[in-house]
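One structure is given below, encoded as structure tokens.
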Amino acid sequence: MRKNQLCTALAIAICAVANAQAIKVAAHAGATDVWGKYYKSGQKLTFSGRVTGLVKAEPGSGTDNEVTLLVRNKVGGGTYVVDLGPTWFVDHQVAKIRLKDNVQVTGAKVMVNGHGIVLASQIRVNGQGGLVVSLRRPGGRAYWMGTEIAQSSAVPTGPNVLTGKFTDFNTYSLNNVTYSEGVLQTDNGRFNVDLGPQWYYGQQDVMYHVGDGVSVVAGPNAFTIGRNGGVYPSQSIYMGSQIYTIRNQNGVPTYYWGQ
């Protein structure tokens, strides 16, 4: 009974905020960040508590299902509604969050038409020694949003930048996960470049085609994947004014931030 009451309360809170905003997203718009525009104006906070409710639901018409928690603060006993992000992203993270887990939540508390919600940037599961789910960059930009518009027309140059045109596309498997790769023809030869796991790449608002001209900031060394030969780990792919980021400068994938 208690669990049902909590889940019902959580669903009501989500629907109240969503309905107040009349959220609508165009079909096939790629990855979306329903609440991201509120993050910078929110009150930054970190608190610890226990997960008492968990719902995967669509917060508005045409949006992705979102994972939202009820977390009871261990200091003071108040309960926060905590948004994690789209189900397709959260469910692929290394760290899993379940009912009754003790968590430490870092994020921004925002008010939307009188309703409070915490936009989580990071969640540590089961104390300081537990796994971490990182959901947003320090400025609030979501990690599931892989593409952005370049702030300038400058394209990086250097020995680790591969510039050419895509001539083919393949897939490969690593640790039971299917990845996409592009075959890039450059003046210095042909290179296989990583496009990320299909579950991530397929959700982005970018889809490369044969003949597309790109510049790929790639890792210095290719890794061998079976008969596919060497695949270069991409950091960012530039095409026109669009940037698709797959890894940070240290080579850590933006789609897997669990530690």
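The values are calculated or read from the model by the stated rules, or taken from the named source; none is laboratory data. Predicted model, so just to flag it, every value in this text is computed and none were measured. In this analysis, Cβ positions are derived from the backbone assuming ideal geometry, glycine residues included, and neighbour counts consider all displayed protein chains.
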Residues of the stretch 43-95 being of a type in the set (Lys, Arg) and without any contact (Cβ under 8 Å) to a residue 40 or more places away in the chain, which ones?
-> Lys56, Arg72, Lys74
Among what's in the stretch 203-244 and is part of a strand (DSSP E or B) and polar (S, T, N, Q), pick the residue that is modelled with the lowest pLDDT.
-> Thr224
Where a residue in the stretch 146-161 is on the phi > 0 side of the Ramachandran plot and modelled with pLDDT of 85 or more and its partner, wherever it lies, is of a type in the set (A, V, I, L, M) and surrounded by 14 or more Cβ atoms within 10 Å (Cβ to Cβ), with Cβ under 9 Å and at least six apart | Gly158/Val217
Failed condition for Tyr200, given (1) in a loop (DSSP other than H, G, I, E, B); (2) of a type outside the set (Gly, Ala, Ser); (3) within 30 Å of Lys109 (Cβ to Cβ) = (1)
Kindly list the number of the only condition in (1) loosely packed, with under 15 Cβ neighbours inside 10 Å; (2) in contact with a helix residue (DSSP H, G or I) (Cβ under 7 Å, 6 or more places away or on another chain); (3) under 19 Å from Thr32 (Cβ atoms) that fails for Asn113.
-> (3)
Count - residues of the stretch 61-105 that are assigned to a loop (DSSP other than H, G, I, E, B), closer than 16 Å to Gln122 by Cα and touching a helix residue (DSSP H, G or I) at 6+ places or on another chain (Cβ under 7 Å) = 1
Checking Arg98 against (1) without any contact (Cβ under 8 Å) to a residue 60 or more places away in the chain; (2) in contact with a Leu (Cβ under 9 Å, 6 or more places away or on another chain); (3) surrounded by 12 or more Cβ atoms within 10 Å (Cβ to Cβ); (4) outside the structural domain of Gly219 (by TED's automatic domain parsing), the condition it does not meet | (3)
Can we say Ser173 is modelled with pLDDT under 95, of a type in the set (Gly, Ala, Ser) and assigned by TED's automatic domain parsing to the domain that holds Leu195?
-> yes
Of Gly189, Gly196, Gly213, Gly202, the only residue that is buried (at least 17 other Cβ atoms within 10 Å of the Cβ) and not basic (Lys, Arg) is Gly196
